[in-house]
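J.: Encoded as structure tokens, here's the structure I'll be asking about.
Bear in mind that the values in this text are calculations on the coordinates, not laboratory data. If you're wondering where the values come from, they're calculated on a predicted model, not measured in any experiment. Every residue, glycine as well, gets a Cβ built from its backbone with ideal geometry; the counts of neighbours run over all protein chains shown.
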Amino acid sequence: MKQGIGRSIRLFRSFLVEQTEPHVFYGELARDSADLLEQHMKLDGSTFLDVGAGPEQFALEFSARGARYFPADLDPTAPSLTFGGVAADAGRLPFGDGSMDVTFSSNLIEHVPTPTRVADELVRVTRAGGLIFIAYTNWWSPWGGHETSPWHWLGGAYAIRRYSRKHGHLPKNRVGENLFKVSVAWGLEWARSHPDIEIIELRPRYLPSWASVLLRVPILRELITWNLMIILRKR
């Protein structure tokens with residue numbers, strides 16, 4: 001899989017239409033995520049848990065690659081749950097220890113108040129030798145406030161008020177309610193300190209593979225990472 005500038009341009013172009021054509025963005029992101037995982041494990045025949053499943057594009061992509069796909073989402077109306085999943089709290093997954101070959105979480109961590117508990121659950125349900133994929137939007141990135149960005153840099157409450165005045169309704173993502181200030185530093189510390197995992201890759205999700213060096217610079221990494229990608233193997 002080529003992970004250079006061309007890939008980044010393709011992902012950012014699809015990101016620009018996330019609000020108007022979400023199937024385009026999530027379809028591209030699902031294909032890219034599957035390609036990344038298949039560098040480390042064959043998905044065909046794998047038992048695959050998608051936590052915070054949401055859009056159906058991930059279900060379609062992983063199922064097409066032969067994975068036995070199980071979606072889990074707190075919202076019982078999430079489109080992916082029509083593929084045979086369960087409505088469940090990501091911090092209390094109704095699956096046994098080591099029951100999954102792959103656990104996957106895309107853009108969920110910033111929406112939970114207890115990210116460490118959720119991340120630990122992903123590790124718990126993964127079998128020894130299996131993969132854990134976590135990616136999330138960090139608060140201080142240009143898109144940290146989601147649709148209220150970049151005004152979240154002036155404070156989450158201000159960003160909500162400004163959005164509401166402009167659009168006449170509250171934003172879907174509201175800091176402190178369903179959007180939380182998770183940092184790149186949190187993800188790095190959690191991954192490096194967890195005793196049951198081996199780090200395969202840590203880097204900005206949408207940037208070329210060489211951009212992993214940016215994670216060494218504390219303040220800069222929070223501003224330009226956009227979305228931190230963590231790929232792990234269960235010991």
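J.: Calculated FRET efficiency, residue 166 and residue 212, Cβ-Cβ r, R0 41 Å, to nearest 0.05? Please report the intermediate quantities before stating the final value.
T.: Numbers: r = 37 Å, r/R0 = 0.90.
With a Förster radius of 41 Å, E is 0.65.
J.: Moving on to the next point. What is the stretch 2-74 by shape, rounded, prolate or oblate, if you read a ≥ b ≥ c off the alpha carbon gyration tensor as root eigenvalues and call it rounded for a/c under 1.5, prolate for a/b larger than b/c, and oblate otherwise?
T.: oblate
J.: Hey, what do the phi angles of the stretch 185-195 turn into as Karplus ³J(HN,Hα) couplings, whole Hz, using 6.51/-1.76/1.60 and θ = phi - 60°, x for Gly and Pro?
T.: For the stretch 185-195, the Karplus curve yields 4, 4, x, 5, 5, 4, 5, 7, 9, 6, x Hz.
J.: Which net charge results when you count Lys and Arg as +1 and Asp and Glu as -1 among the other residues whose beta-carbon is under 12 Å from that of residue 81?
T.: Result for the neighbourhood of residue 81: -4.
J.: Positive end of the charge dipole of the chain (Lys, Arg +1 and Asp, Glu -1 on Cβ, about the Cα centre): tell me which of 54, 184, 94 has its Cα farthest that way.
T.: Toward the positive end, the furthest listed residue is 184.
J.: Still on this structure, I have one more. Nothing charged except the Cβ atoms of Lys and Arg (+1) and of Asp and Glu (-1): what's the magnitude of the dipole of the chain about its Cα centre? Round to the nearest 20 debye.
T.: Taking the Cα centre of the chain as origin, the dipole is about 640 debye.
J.: Lys/Arg Cβ at +1, Asp/Glu Cβ at -1, dipole of the chain taken about the Cα centre: which of 104, 227, 154 is farthest positive-ward?
T.: Farthest along the dipole direction, towards plus: 154.
J.: In whole Å, what is the distance between the alpha-carbon centres of the stretch 38-93 and the stretch 180-235?
T.: So the two Cα centres are separated by 23 Å.
J.: Another one. Only loop residues by DSSP count here, and only those with at most 14 other Cβ atoms within 10 Å; note down the trypsin sites (Lys or Arg not before Pro) in the stretch 1-100 that meet that. It would help to have the intermediate numbers written out before the result.
T.: On the way: sites: 2, 7, 10, 13, 31, 42, 65, 68, 92; in loops: 2, 42, 65, 92.
Passing sites in the stretch 1-100 are 2, 42, 92.
J.: Something else now. I'd like the orientation of helix 22-38 relative to the chain: the angle between its Cα long axis and the longest Cα principal axis, in ° from 0 to 90, rounded to 10.
T.: With rounding to tens, the tilt is 40 degrees.
J.: If we count every other residue with Cβ under 11 angstrom of residue 53's Cβ, Lys/Arg +1 and Asp/Glu -1, where does the sum land?
T.: Around residue 53, the charge tally is -4.
J.: Please compute the modelled spin-label separation between residue 89 and residue 9, points set 7 Å along Cα→Cβ, answer in nm with one decimal.
T.: 4.7 nm
J.: Between rounded, prolate and oblate, where does the chain land on the alpha carbon gyration tensor, with a ≥ b ≥ c its root eigenvalues, rounded for a/c under 1.5, else prolate if a/b exceeds b/c?
T.: rounded
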